[in-house]
Amino acid sequence: MTKQKSAHDLNVIGDLINLEARYLNKADLESWISLFTEDGYYWMPLDSGQKNPEEHDSIFYEDRILMEIRKRNFMHRLSPSMQYPIRSSRVISDIHVSDYDEDSCIVESSFHAVILYKEQTVFAGSMQHKLRREGDAYKIQMKRVDLINADMPLPPIMIYL
Amino acid sequence: MTLSIEKIEKLVEPARVHSSVYADEEIFRLEMERIWGRSWIYIGHESQVRKPGDYYSTTVATLPVLMIRDTKTDQINVLHNRCGHRGAIVTQKQCGTAEILRCPYHGWTYRTDGSLHAAPHPGAYKDTGMNIKDAQYSMRSLGRVDQYRGFVFASLAEDVVDLSDFLGELKHTIDNMCDRSPEGEVEVTGLNCHRFLHPCNWKFFLENLHDAMHPMCAHAATSDAVQNYLSDLPEGTKPPAEAEIIDPFGGSYDFFDKMGVTALENGHGYMGGKKSIFSHFEMYPEYLDAMREAYGEERMQDILSFNRHNACCYPSSTIRDGIQSIRVLRPQTVNSTIIESWTFRLKGAPEKLLQRTLRYSRLINSPGSMVGPDDLDCYYRIQESASNGSIDWIDLHRYFGQDQSEASSLTAMGTSDLGIRNQYQAWLDYMRQGESQ
(Lines give C-alpha, C1' and ligand atoms only; values in the text may rest on other atoms or scores of the structure.)
Protein backbone atom coordinates (compact mmCIF):
# COMPACT_ATOMS: atom_id res chain seq x y z
CA MET A 1 0.00 0.00 0.00
CA THR A 2 1.02 3.56 -0.55
CA LYS A 3 2.92 5.17 2.25
CA GLN A 4 3.78 8.83 2.57
CA LYS A 5 7.44 9.58 3.00
CA SER A 6 6.44 11.24 6.23
CA ALA A 7 5.96 9.39 9.47
CA HIS A 8 2.22 9.61 8.85
CA ASP A 9 0.55 6.43 7.66
CA LEU A 10 -2.00 7.22 4.97
CA ASN A 11 -3.95 4.06 5.76
CA VAL A 12 -4.48 5.10 9.35
CA ILE A 13 -5.37 8.61 8.25
CA GLY A 14 -7.77 7.37 5.54
CA ASP A 15 -9.51 5.14 8.07
CA LEU A 16 -10.09 8.11 10.36
CA ILE A 17 -11.46 10.33 7.58
CA ASN A 18 -13.81 7.54 6.52
CA LEU A 19 -14.84 6.79 10.09
CA GLU A 20 -15.69 10.44 10.59
CA ALA A 21 -17.92 10.37 7.49
CA ARG A 22 -19.53 7.14 8.70
CA TYR A 23 -20.47 8.73 12.04
CA LEU A 24 -22.08 11.65 10.21
CA ASN A 25 -23.88 9.26 7.85
CA LYS A 26 -25.37 7.64 10.92
CA ALA A 27 -25.99 11.05 12.52
CA ASP A 28 -24.05 9.77 15.51
CA LEU A 29 -22.93 13.19 16.70
CA GLU A 30 -21.71 11.92 20.03
CA SER A 31 -19.13 9.62 18.47
CA TRP A 32 -18.35 12.24 15.86
CA ILE A 33 -17.52 14.89 18.48
CA SER A 34 -15.22 12.42 20.27
CA LEU A 35 -12.97 12.42 17.19
CA PHE A 36 -12.03 16.06 17.83
CA THR A 37 -9.33 17.36 20.15
CA GLU A 38 -10.52 19.43 23.11
CA ASP A 39 -9.64 22.61 21.20
CA GLY A 40 -10.88 21.19 17.91
CA TYR A 41 -13.30 23.00 15.64
CA TYR A 42 -15.40 22.59 12.50
CA TRP A 43 -15.33 25.39 9.97
CA MET A 44 -17.24 26.03 6.74
CA PRO A 45 -16.16 29.41 5.29
CA LEU A 46 -18.42 31.68 3.29
CA ASP A 47 -15.57 32.50 0.98
CA SER A 48 -13.19 29.97 -0.54
CA GLY A 49 -10.28 32.38 -0.12
CA GLN A 50 -11.00 32.97 3.55
CA LYS A 51 -7.85 32.67 5.64
CA ASN A 52 -9.49 32.35 9.05
CA PRO A 53 -12.93 32.37 10.69
CA GLU A 54 -12.30 35.67 12.46
CA GLU A 55 -11.98 37.97 9.47
CA HIS A 56 -15.36 37.31 7.90
CA ASP A 57 -18.64 35.50 8.30
CA SER A 58 -18.77 31.70 8.03
CA ILE A 59 -21.53 29.21 7.35
CA PHE A 60 -20.29 27.14 10.29
CA TYR A 61 -17.56 27.80 12.83
CA GLU A 62 -18.15 25.57 15.81
CA ASP A 63 -15.99 24.47 18.68
CA ARG A 64 -16.70 21.57 21.03
CA ILE A 65 -19.18 23.69 22.98
CA LEU A 66 -21.32 24.38 19.93
CA MET A 67 -21.00 20.80 18.77
CA GLU A 68 -22.39 19.73 22.15
CA ILE A 69 -25.27 22.21 21.83
CA ARG A 70 -25.97 21.09 18.27
CA LYS A 71 -25.95 17.47 19.35
CA ARG A 72 -28.66 18.31 21.91
CA ASN A 73 -30.60 20.30 19.30
CA PHE A 74 -30.43 17.62 16.61
CA MET A 75 -33.84 15.98 16.04
CA HIS A 76 -35.15 17.78 19.14
CA ARG A 77 -38.85 17.04 19.64
CA LEU A 78 -39.67 20.79 19.83
CA SER A 79 -37.88 21.79 16.63
CA PRO A 80 -40.22 22.37 13.67
CA SER A 81 -37.44 21.94 11.13
CA MET A 82 -36.37 18.59 12.60
CA GLN A 83 -39.73 16.85 12.14
CA TYR A 84 -38.53 15.54 8.79
CA PRO A 85 -36.15 12.66 8.24
CA ILE A 86 -32.57 13.84 7.85
CA ARG A 87 -30.45 11.21 6.14
CA SER A 88 -27.11 11.56 4.50
CA SER A 89 -24.54 9.68 2.51
CA ARG A 90 -20.99 10.87 1.94
CA VAL A 91 -18.37 9.76 -0.53
CA ILE A 92 -14.81 10.93 0.01
CA SER A 93 -11.97 10.62 -2.44
CA ASP A 94 -8.44 11.79 -3.14
CA ILE A 95 -7.37 11.66 0.49
CA HIS A 96 -3.80 12.92 0.64
CA VAL A 97 -1.41 14.56 3.07
CA SER A 98 -0.56 18.07 1.93
CA ASP A 99 1.64 19.13 4.83
CA TYR A 100 2.98 17.65 8.02
CA ASP A 101 5.36 17.86 10.90
CA GLU A 102 6.18 15.27 13.47
CA ASP A 103 2.97 15.42 15.50
CA SER A 104 0.42 16.72 13.08
CA CYS A 105 -0.53 16.69 9.45
CA ILE A 106 -2.92 18.37 7.06
CA VAL A 107 -5.07 16.01 5.07
CA GLU A 108 -6.96 17.14 2.00
CA SER A 109 -9.77 15.35 0.22
CA SER A 110 -12.82 15.94 -1.91
CA PHE A 111 -16.33 14.86 -1.11
CA HIS A 112 -19.89 14.50 -2.33
CA ALA A 113 -22.58 14.48 0.33
CA VAL A 114 -26.16 13.66 -0.56
CA ILE A 115 -28.54 14.92 2.10
CA LEU A 116 -32.18 13.98 2.29
CA TYR A 117 -34.03 16.81 3.96
CA LYS A 118 -37.48 17.44 2.47
CA GLU A 119 -35.81 16.77 -0.86
CA GLN A 120 -32.57 15.17 -1.90
CA THR A 121 -29.74 17.69 -2.22
CA VAL A 122 -26.14 17.29 -3.28
CA PHE A 123 -23.39 19.19 -1.52
CA ALA A 124 -19.86 18.91 -2.82
CA GLY A 125 -16.48 20.41 -2.27
CA SER A 126 -13.14 19.95 -0.65
CA MET A 127 -12.16 19.18 2.91
CA GLN A 128 -9.11 19.87 4.93
CA HIS A 129 -8.47 18.03 8.18
CA LYS A 130 -5.76 19.10 10.53
CA LEU A 131 -4.92 15.96 12.50
CA ARG A 132 -2.92 15.81 15.68
CA ARG A 133 -1.38 12.72 17.15
CA GLU A 134 -2.70 11.94 20.60
CA GLY A 135 -1.12 8.79 21.96
CA ASP A 136 -1.44 6.03 19.37
CA ALA A 137 -4.20 7.68 17.40
CA TYR A 138 -5.05 10.89 15.62
CA LYS A 139 -7.62 13.46 16.63
CA ILE A 140 -9.12 16.18 14.50
CA GLN A 141 -7.91 19.60 15.50
CA MET A 142 -9.67 21.34 12.61
CA LYS A 143 -11.98 20.29 9.84
CA ARG A 144 -12.52 22.83 7.10
CA VAL A 145 -15.20 22.28 4.47
CA ASP A 146 -15.22 24.43 1.34
CA LEU A 147 -18.46 24.02 -0.58
CA ILE A 148 -18.25 24.63 -4.30
CA ASN A 149 -21.42 26.72 -3.91
CA ALA A 150 -20.62 28.47 -0.61
CA ASP A 151 -21.28 31.86 -2.22
CA MET A 152 -24.57 30.83 -3.85
CA PRO A 153 -28.07 30.78 -2.33
CA LEU A 154 -28.16 27.76 -0.02
CA PRO A 155 -30.94 25.72 1.56
CA PRO A 156 -30.69 25.01 5.28
CA ILE A 157 -27.76 22.71 6.07
CA MET A 158 -29.22 20.48 8.75
CA ILE A 159 -26.16 18.39 9.60
CA TYR A 160 -22.40 18.84 9.41
CA LEU A 161 -21.05 17.94 5.99
CA MET B 1 -55.88 40.20 -16.11
CA THR B 2 -54.96 42.76 -13.50
CA LEU B 3 -56.89 42.54 -10.26
CA SER B 4 -59.11 45.54 -9.66
CA ILE B 5 -58.34 47.80 -6.71
CA GLU B 6 -61.71 46.84 -5.19
CA LYS B 7 -60.69 43.18 -5.24
CA ILE B 8 -57.28 43.94 -3.78
CA GLU B 9 -58.84 45.92 -0.93
CA LYS B 10 -60.99 42.93 -0.01
CA LEU B 11 -57.86 40.86 0.69
CA VAL B 12 -56.73 42.93 3.65
CA GLU B 13 -58.97 43.49 6.65
CA PRO B 14 -57.88 45.40 9.76
CA ALA B 15 -56.90 42.23 11.63
CA ARG B 16 -56.63 39.46 9.07
CA VAL B 17 -55.35 38.97 5.50
CA HIS B 18 -56.46 36.62 2.81
CA SER B 19 -54.05 33.73 2.25
CA SER B 20 -53.91 34.44 -1.50
CA VAL B 21 -51.57 37.39 -0.81
CA TYR B 22 -48.88 34.75 -0.21
CA ALA B 23 -49.71 32.38 -3.03
CA ASP B 24 -51.22 34.21 -5.97
CA GLU B 25 -48.80 34.87 -8.83
CA GLU B 26 -50.75 37.85 -10.12
CA ILE B 27 -50.60 39.47 -6.69
CA PHE B 28 -46.84 38.84 -6.60
CA ARG B 29 -46.49 40.50 -9.99
CA LEU B 30 -48.46 43.51 -8.78
CA GLU B 31 -46.38 43.69 -5.59
CA MET B 32 -43.21 43.85 -7.65
CA GLU B 33 -44.70 46.61 -9.78
CA ARG B 34 -46.45 48.66 -7.12
CA ILE B 35 -44.54 48.05 -3.88
CA TRP B 36 -41.05 47.02 -4.93
CA GLY B 37 -41.21 49.18 -8.05
CA ARG B 38 -42.33 52.31 -6.24
CA SER B 39 -40.43 52.38 -2.98
CA TRP B 40 -36.78 52.72 -2.00
CA ILE B 41 -35.09 49.32 -2.08
CA TYR B 42 -31.88 48.61 -0.18
CA ILE B 43 -29.09 47.90 -2.68
CA GLY B 44 -25.92 47.64 -0.62
CA HIS B 45 -23.29 49.47 1.36
CA GLU B 46 -20.78 51.84 -0.16
CA SER B 47 -17.90 49.78 1.29
CA GLN B 48 -18.84 47.02 -1.19
CA VAL B 49 -17.65 49.34 -3.98
CA ARG B 50 -14.70 51.19 -2.51
CA LYS B 51 -12.77 52.02 -5.67
CA PRO B 52 -13.94 53.67 -8.89
CA GLY B 53 -15.32 51.00 -11.21
CA ASP B 54 -16.09 48.54 -8.39
CA TYR B 55 -19.51 47.00 -8.90
CA TYR B 56 -21.93 44.69 -7.20
CA SER B 57 -24.91 42.99 -8.87
CA THR B 58 -28.23 42.37 -7.26
CA THR B 59 -31.94 42.68 -8.05
CA VAL B 60 -34.73 45.16 -7.50
CA ALA B 61 -38.23 43.75 -7.91
CA THR B 62 -36.63 40.68 -9.60
CA LEU B 63 -34.84 42.91 -12.18
CA PRO B 64 -31.05 42.66 -12.35
CA VAL B 65 -29.28 45.87 -11.33
CA LEU B 66 -25.70 46.94 -10.85
CA MET B 67 -24.35 49.19 -8.09
CA ILE B 68 -21.18 50.75 -9.46
CA ARG B 69 -18.83 53.51 -8.35
CA ASP B 70 -18.45 56.13 -11.05
CA THR B 71 -14.90 56.41 -12.40
CA LYS B 72 -15.31 60.15 -13.02
CA THR B 73 -17.41 61.48 -10.17
CA ASP B 74 -16.78 58.78 -7.53
CA GLN B 75 -20.50 58.74 -6.79
CA ILE B 76 -22.43 55.50 -6.64
CA ASN B 77 -24.72 54.69 -9.55
CA VAL B 78 -27.35 51.98 -9.72
CA LEU B 79 -27.97 50.86 -13.29
CA HIS B 80 -30.24 48.36 -14.97
CA ASN B 81 -27.95 45.42 -15.67
CA ARG B 82 -28.94 44.88 -19.25
CA CYS B 83 -27.60 46.04 -22.56
CA GLY B 84 -29.42 48.90 -24.28
CA HIS B 85 -28.99 47.14 -27.60
CA ARG B 86 -30.69 43.75 -27.44
CA GLY B 87 -31.29 43.51 -23.72
CA ALA B 88 -28.72 40.88 -22.73
CA ILE B 89 -27.64 40.98 -19.10
CA VAL B 90 -24.28 42.77 -19.24
CA THR B 91 -22.49 41.14 -16.34
CA GLN B 92 -23.27 37.89 -14.55
CA LYS B 93 -20.55 38.43 -11.96
CA GLN B 94 -21.58 39.04 -8.37
CA CYS B 95 -18.95 41.73 -8.00
CA GLY B 96 -15.90 43.02 -9.79
CA THR B 97 -14.21 46.10 -11.17
CA ALA B 98 -14.60 47.64 -14.60
CA GLU B 99 -13.76 50.99 -16.12
CA ILE B 100 -15.97 50.15 -19.05
CA LEU B 101 -18.81 47.65 -19.00
CA ARG B 102 -19.00 45.51 -22.08
CA CYS B 103 -21.93 43.43 -23.29
CA PRO B 104 -20.51 40.06 -24.39
CA TYR B 105 -23.03 39.58 -27.22
CA HIS B 106 -22.29 42.40 -29.72
CA GLY B 107 -19.65 44.33 -27.79
CA TRP B 108 -21.59 47.45 -26.92
CA THR B 109 -19.68 49.22 -24.17
CA TYR B 110 -20.86 51.52 -21.39
CA ARG B 111 -19.30 53.99 -19.00
CA THR B 112 -19.76 53.54 -15.28
CA ASP B 113 -22.62 56.07 -15.34
CA GLY B 114 -24.40 53.80 -17.81
CA SER B 115 -23.99 56.03 -20.86
CA LEU B 116 -23.02 54.37 -24.12
CA HIS B 117 -19.26 54.42 -24.67
CA ALA B 118 -19.20 52.79 -28.07
CA ALA B 119 -21.16 50.49 -30.33
CA PRO B 120 -19.09 48.49 -32.83
CA HIS B 121 -19.59 49.08 -36.54
CA PRO B 122 -21.68 52.23 -35.95
CA GLY B 123 -21.85 53.05 -39.66
CA ALA B 124 -24.45 50.31 -40.03
CA TYR B 125 -26.92 52.50 -38.15
CA LYS B 126 -26.48 55.41 -40.53
CA ASP B 127 -29.76 56.45 -42.14
CA THR B 128 -31.67 53.75 -40.28
CA GLY B 129 -33.61 56.18 -38.12
CA MET B 130 -31.90 54.93 -35.00
CA ASN B 131 -29.84 57.25 -32.87
CA ILE B 132 -27.58 55.07 -30.75
CA LYS B 133 -26.83 58.05 -28.51
CA ASP B 134 -30.45 58.14 -27.39
CA ALA B 135 -30.71 57.41 -23.65
CA GLN B 136 -32.96 54.42 -24.31
CA TYR B 137 -29.90 52.58 -25.68
CA SER B 138 -27.85 53.15 -22.53
CA MET B 139 -27.62 51.07 -19.40
CA ARG B 140 -30.23 53.20 -17.77
CA SER B 141 -30.00 54.37 -14.21
CA LEU B 142 -32.79 53.45 -11.87
CA GLY B 143 -35.33 56.21 -11.28
CA ARG B 144 -33.72 57.42 -8.06
CA VAL B 145 -30.48 56.56 -6.29
CA ASP B 146 -29.39 57.94 -2.94
CA GLN B 147 -27.60 56.89 0.21
CA TYR B 148 -27.83 57.50 3.91
CA ARG B 149 -24.56 57.24 5.84
CA GLY B 150 -23.17 54.80 3.30
CA PHE B 151 -26.30 52.66 2.93
CA VAL B 152 -27.35 52.82 -0.72
CA PHE B 153 -30.99 52.66 -1.74
CA ALA B 154 -32.58 52.97 -5.17
CA SER B 155 -36.03 53.18 -6.63
CA LEU B 156 -37.23 52.02 -10.04
CA ALA B 157 -39.66 54.95 -10.04
CA GLU B 158 -38.58 58.57 -10.38
CA ASP B 159 -41.58 60.10 -8.62
CA VAL B 160 -40.91 58.86 -5.11
CA VAL B 161 -40.38 60.93 -1.95
CA ASP B 162 -36.78 61.66 -1.04
CA LEU B 163 -34.92 58.81 0.67
CA SER B 164 -34.65 60.84 3.86
CA ASP B 165 -38.44 61.22 4.05
CA PHE B 166 -38.98 57.58 3.11
CA LEU B 167 -36.72 56.38 5.93
CA GLY B 168 -38.13 58.92 8.37
CA GLU B 169 -37.67 57.75 11.94
CA LEU B 170 -35.68 54.72 10.74
CA LYS B 171 -32.73 57.01 10.12
CA HIS B 172 -32.10 56.81 13.88
CA THR B 173 -31.55 53.06 13.50
CA ILE B 174 -28.95 53.58 10.78
CA ASP B 175 -27.43 56.45 12.79
CA ASN B 176 -27.18 54.21 15.81
CA MET B 177 -25.43 51.42 13.92
CA CYS B 178 -22.84 53.90 12.61
CA ASP B 179 -22.51 55.81 15.89
CA ARG B 180 -21.66 52.60 17.71
CA SER B 181 -18.33 52.95 15.90
CA PRO B 182 -15.91 55.33 17.63
CA GLU B 183 -15.28 56.71 14.14
CA GLY B 184 -18.97 56.94 13.27
CA GLU B 185 -18.64 54.58 10.33
CA VAL B 186 -19.20 50.94 9.46
CA GLU B 187 -17.93 48.75 6.64
CA VAL B 188 -18.94 45.33 5.32
CA THR B 189 -16.83 42.50 6.68
CA GLY B 190 -16.50 40.97 3.21
CA LEU B 191 -17.83 41.15 -0.32
CA ASN B 192 -19.88 38.04 0.25
CA CYS B 193 -22.87 37.47 2.47
CA HIS B 194 -25.08 34.60 3.54
CA ARG B 195 -27.63 33.85 0.85
CA PHE B 196 -30.27 31.74 2.47
CA LEU B 197 -32.88 30.25 0.13
CA HIS B 198 -36.38 30.65 1.52
CA PRO B 199 -38.97 28.62 -0.42
CA CYS B 200 -41.75 30.97 0.67
CA ASN B 201 -43.29 34.32 -0.01
CA TRP B 202 -41.18 37.33 0.99
CA LYS B 203 -43.79 38.68 3.42
CA PHE B 204 -43.51 35.75 5.85
CA PHE B 205 -39.91 36.67 6.55
CA LEU B 206 -40.71 40.34 7.14
CA GLU B 207 -43.71 39.59 9.33
CA ASN B 208 -41.76 37.19 11.52
CA LEU B 209 -39.42 40.02 12.51
CA HIS B 210 -42.31 41.66 14.34
CA ASP B 211 -43.76 38.46 15.68
CA ALA B 212 -42.59 38.16 19.27
CA MET B 213 -44.96 35.29 20.01
CA HIS B 214 -42.89 32.77 18.09
CA PRO B 215 -39.39 32.64 19.66
CA MET B 216 -40.35 30.78 22.84
CA CYS B 217 -42.17 28.18 20.75
CA ALA B 218 -40.42 27.89 17.38
CA HIS B 219 -36.97 28.21 18.96
CA ALA B 220 -37.70 26.17 22.08
CA ALA B 221 -35.49 23.34 20.87
CA THR B 222 -32.40 25.54 20.56
CA SER B 223 -33.01 27.26 23.90
CA ASP B 224 -33.53 23.87 25.50
CA ALA B 225 -30.35 22.51 23.93
CA VAL B 226 -28.38 25.45 25.37
CA GLN B 227 -29.99 25.08 28.80
CA ASN B 228 -29.38 21.37 28.73
CA TYR B 229 -25.72 21.94 27.87
CA LEU B 230 -25.30 24.58 30.60
CA SER B 231 -26.87 22.30 33.21
CA ASP B 232 -24.28 19.65 32.38
CA LEU B 233 -21.40 22.04 33.11
CA PRO B 234 -19.69 21.93 36.51
CA GLU B 235 -21.15 24.52 38.88
CA GLY B 236 -19.56 27.95 38.61
CA THR B 237 -18.43 27.52 34.99
CA LYS B 238 -18.72 30.74 32.98
CA PRO B 239 -21.38 30.26 30.27
CA PRO B 240 -20.01 30.30 26.71
CA ALA B 241 -20.34 33.46 24.60
CA GLU B 242 -23.08 31.79 22.56
CA ALA B 243 -25.43 31.69 25.56
CA GLU B 244 -26.02 35.46 25.62
CA ILE B 245 -27.14 35.28 22.00
CA ILE B 246 -29.40 32.24 22.16
CA ASP B 247 -30.82 32.73 25.70
CA PRO B 248 -33.30 35.51 24.78
CA PHE B 249 -34.91 33.24 22.19
CA GLY B 250 -36.39 31.39 25.12
CA GLY B 251 -37.63 34.66 26.71
CA SER B 252 -41.09 34.75 28.27
CA TYR B 253 -44.20 36.42 26.81
CA ASP B 254 -43.78 39.02 29.53
CA PHE B 255 -40.17 39.70 28.46
CA PHE B 256 -41.23 40.29 24.86
CA ASP B 257 -44.36 42.25 25.83
CA LYS B 258 -42.22 44.66 27.82
CA MET B 259 -39.83 45.04 24.91
CA GLY B 260 -42.70 46.58 22.92
CA VAL B 261 -43.25 47.05 19.21
CA THR B 262 -43.42 50.35 17.32
CA ALA B 263 -45.13 50.93 13.98
CA LEU B 264 -43.88 53.76 11.78
CA GLU B 265 -44.98 55.30 8.51
CA ASN B 266 -44.47 53.50 5.17
CA GLY B 267 -44.76 50.06 6.79
CA HIS B 268 -41.55 50.47 8.77
CA GLY B 269 -41.32 49.46 12.41
CA TYR B 270 -39.15 47.95 15.09
CA MET B 271 -39.15 45.84 18.23
CA GLY B 272 -37.64 47.15 21.43
CA GLY B 273 -36.32 50.69 21.64
CA LYS B 274 -34.61 51.04 24.98
CA LYS B 275 -34.71 47.33 25.74
CA SER B 276 -34.20 44.51 23.30
CA ILE B 277 -32.70 41.07 23.07
CA PHE B 278 -29.33 42.82 22.78
CA SER B 279 -29.54 45.03 25.85
CA HIS B 280 -27.98 42.45 28.16
CA PHE B 281 -24.93 41.96 25.91
CA GLU B 282 -21.63 42.20 27.70
CA MET B 283 -19.99 45.63 27.38
CA TYR B 284 -16.27 45.25 26.86
CA PRO B 285 -14.22 47.82 28.87
CA GLU B 286 -11.84 48.54 25.97
CA TYR B 287 -14.83 49.33 23.76
CA LEU B 288 -16.35 51.65 26.37
CA ASP B 289 -13.00 53.44 26.64
CA ALA B 290 -12.82 53.98 22.89
CA MET B 291 -16.43 55.19 22.76
CA ARG B 292 -15.97 57.50 25.75
CA GLU B 293 -12.94 59.04 24.14
CA ALA B 294 -14.78 59.58 20.88
CA TYR B 295 -18.10 60.86 22.19
CA GLY B 296 -17.84 61.72 25.90
CA GLU B 297 -19.70 59.88 28.66
CA GLU B 298 -23.18 61.30 28.12
CA ARG B 299 -23.35 60.84 24.36
CA MET B 300 -21.83 57.37 24.69
CA GLN B 301 -24.55 56.35 27.15
CA ASP B 302 -27.16 57.72 24.73
CA ILE B 303 -25.80 55.67 21.85
CA LEU B 304 -25.45 52.45 23.81
CA SER B 305 -28.83 52.66 25.49
CA PHE B 306 -30.58 52.84 22.12
CA ASN B 307 -31.64 49.30 21.40
CA ARG B 308 -33.90 48.43 18.56
CA HIS B 309 -34.34 44.90 17.38
CA ASN B 310 -35.18 44.05 13.78
CA ALA B 311 -35.92 47.54 12.55
CA CYS B 312 -37.83 46.80 9.40
CA CYS B 313 -37.33 49.04 6.38
CA TYR B 314 -40.38 48.03 4.38
CA PRO B 315 -40.28 46.18 2.06
CA SER B 316 -36.66 45.26 1.42
CA SER B 317 -34.53 45.08 4.53
CA THR B 318 -34.23 44.71 8.25
CA ILE B 319 -31.56 46.31 10.34
CA ARG B 320 -30.10 45.32 13.70
CA ASP B 321 -28.15 48.33 14.86
CA GLY B 322 -27.03 46.68 18.13
CA ILE B 323 -25.35 43.74 16.43
CA GLN B 324 -24.39 45.45 13.14
CA SER B 325 -26.20 43.33 10.64
CA ILE B 326 -28.65 43.87 7.84
CA ARG B 327 -30.79 41.24 6.24
CA VAL B 328 -32.06 41.94 2.76
CA LEU B 329 -35.01 40.37 0.98
CA ARG B 330 -34.62 39.51 -2.69
CA PRO B 331 -37.92 38.02 -3.85
CA GLN B 332 -37.59 35.63 -6.80
CA THR B 333 -41.11 34.30 -7.29
CA VAL B 334 -44.33 34.21 -5.30
CA ASN B 335 -42.94 31.36 -3.18
CA SER B 336 -39.19 31.85 -3.35
CA THR B 337 -37.08 34.52 -1.68
CA ILE B 338 -33.37 34.86 -1.11
CA ILE B 339 -32.46 36.33 2.27
CA GLU B 340 -29.07 38.01 2.28
CA SER B 341 -27.35 38.58 5.63
CA TRP B 342 -24.62 41.18 5.75
CA THR B 343 -22.36 41.85 8.71
CA PHE B 344 -20.57 45.12 9.44
CA ARG B 345 -17.39 46.08 11.24
CA LEU B 346 -17.53 49.11 13.54
CA LYS B 347 -14.52 51.13 12.44
CA GLY B 348 -12.19 51.85 15.31
CA ALA B 349 -13.87 49.37 17.68
CA PRO B 350 -12.03 46.45 19.31
CA GLU B 351 -11.97 43.16 17.43
CA LYS B 352 -14.21 41.52 20.05
CA LEU B 353 -17.21 43.44 18.74
CA LEU B 354 -16.74 42.04 15.25
CA GLN B 355 -16.38 38.55 16.67
CA ARG B 356 -19.75 38.92 18.40
CA THR B 357 -21.33 40.21 15.19
CA LEU B 358 -19.99 37.19 13.30
CA ARG B 359 -21.01 34.79 16.08
CA TYR B 360 -24.54 36.18 15.97
CA SER B 361 -24.68 35.86 12.21
CA ARG B 362 -23.57 32.21 12.29
CA LEU B 363 -25.90 31.29 15.12
CA ILE B 364 -29.00 33.03 13.81
CA ASN B 365 -28.72 33.97 10.12
CA SER B 366 -26.52 31.38 8.42
CA PRO B 367 -28.11 28.52 6.42
CA GLY B 368 -26.09 26.38 8.86
CA SER B 369 -27.68 28.00 11.90
CA MET B 370 -29.88 26.07 14.34
CA VAL B 371 -32.33 28.99 14.65
CA GLY B 372 -32.98 30.11 11.06
CA PRO B 373 -34.21 26.73 9.73
CA ASP B 374 -36.88 26.60 12.48
CA ASP B 375 -38.23 29.99 11.40
CA LEU B 376 -38.09 28.98 7.77
CA ASP B 377 -39.95 25.74 8.37
CA CYS B 378 -42.81 27.67 9.99
CA TYR B 379 -43.09 30.02 6.99
CA TYR B 380 -42.97 27.00 4.71
CA ARG B 381 -45.89 25.38 6.56
CA ILE B 382 -48.12 28.44 6.11
CA GLN B 383 -46.96 28.76 2.50
CA GLU B 384 -48.15 25.19 1.89
CA SER B 385 -51.56 25.93 3.40
CA ALA B 386 -51.89 29.21 1.52
CA SER B 387 -50.93 27.49 -1.75
CA ASN B 388 -53.12 24.43 -1.36
CA GLY B 389 -56.13 26.49 -0.30
CA SER B 390 -56.62 24.79 3.05
CA ILE B 391 -56.84 28.17 4.79
CA ASP B 392 -58.64 31.30 3.60
CA TRP B 393 -57.75 33.93 6.18
CA ILE B 394 -54.62 34.48 8.21
CA ASP B 395 -55.10 36.06 11.59
CA LEU B 396 -53.54 39.27 12.98
CA HIS B 397 -55.65 39.95 16.08
CA ARG B 398 -53.06 39.94 18.86
CA TYR B 399 -53.67 43.07 21.00
CA PHE B 400 -55.87 44.46 18.21
CA GLY B 401 -57.49 47.78 19.09
CA GLN B 402 -55.07 48.49 21.94
CA ASP B 403 -52.35 50.47 20.20
CA GLN B 404 -50.94 53.57 21.86
CA SER B 405 -50.63 56.59 19.63
CA GLU B 406 -47.39 58.59 19.75
CA ALA B 407 -46.34 61.59 17.65
CA SER B 408 -45.83 59.82 14.32
CA SER B 409 -46.01 56.22 15.43
CA LEU B 410 -48.08 53.59 17.17
CA THR B 411 -46.76 51.38 19.93
CA ALA B 412 -48.04 48.23 21.55
CA MET B 413 -47.10 45.32 23.75
CA GLY B 414 -44.26 43.39 22.12
CA THR B 415 -46.35 40.34 21.27
CA SER B 416 -48.94 42.47 19.47
CA ASP B 417 -49.50 41.94 15.75
CA LEU B 418 -49.28 45.72 15.36
CA GLY B 419 -46.06 45.54 13.31
CA ILE B 420 -47.63 43.12 10.84
CA ARG B 421 -50.92 45.02 10.64
CA ASN B 422 -48.87 48.14 9.91
CA GLN B 423 -47.04 46.35 7.09
CA TYR B 424 -50.41 45.51 5.52
CA GLN B 425 -51.52 49.13 5.83
CA ALA B 426 -48.49 50.08 3.74
CA TRP B 427 -49.16 47.13 1.43
CA LEU B 428 -52.67 48.48 0.76
CA ASP B 429 -51.43 52.04 0.30
CA TYR B 430 -48.94 50.89 -2.35
CA MET B 431 -51.25 48.41 -4.04
CA ARG B 432 -54.06 50.98 -4.31
CA GLN B 433 -51.91 53.15 -6.51
CA GLY B 434 -53.19 51.26 -9.54
CA GLU B 435 -51.66 50.89 -12.95
CA SER B 436 -48.14 52.17 -13.56
CA GLN B 437 -48.14 55.83 -14.52
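The values are calculated or read from the model by the stated rules, or taken from the named source; none is laboratory data. Remember, it's a predicted structure, so these values are computed and weren't measured experimentally. We place every Cβ from the backbone using ideal geometry, glycine too, and count neighbours over all the protein chains shown. The accessibility values were calculated without ligands, DNA or RNA, using every heavy atom of the protein model including side chains. Shrake-Rupley method; radii C 1.70, N 1.55, O 1.52, S 1.80 Å.
Worth a mention:
- Cα-based Rg / Dmax (Å) for chain B: 23.0, 88
- Rg/Rh for the protein assembly as shown (Cα atoms only, Rh after Kirkwood) is 0.99.
- Among the protein heavy atoms of chain A, carbon and sulfur supply 48% of the accessible surface, probe 1.4 Å, non-protein parts ignored.
- Protein-only accessible surface at a 1.4 angstrom probe places the residues B:Ile326, A:Ile65 in the order A:Ile65, B:Ile326, largest first.
- Taking label positions 7 Å along the Cα-Cβ direction at both A:Gln120 and B:Lys238, the computed distance is 4.9 nm, reported to one decimal.
- With each label modelled as a point 7 angstrom along the Cα→C-beta vector, the B:Glu25-A:Val12 pair spans 6.1 nm.
- 10 Å Cβ neighbours from other chains, averaged over peptide A:47-59: 5
- 10 Å Cβ neighbours from other chains, averaged over peptide B:293-302: 0
- Leaving ligands and nucleic acids aside, the A/B contact buries around 3200 square angstrom of accessible area in total at a 1.4 Å probe radius.
- Straight-line reach from B:Lys258: taking Cα to Cα under 27 Å and skipping same-chain neighbours fewer than 8 places apart, the lysines in range are B:Lys171, B:Lys203, B:Lys274, B:Lys275.
- If the segment from B:Glu158 to B:Ser252 were pulled out straight at 0.36 nm per residue, it would be longer than the present Cα-Cα gap by 29.3 nm.
- Shielding by other protein chains, B:409-417, mean Cβ within 10 Å: 0
- Zone residues, the range B:250-273, relative to B:His172, backbone N less than 15 Å from point 7 Å out along Cα-to-Cβ: B:260-265, B:268-273
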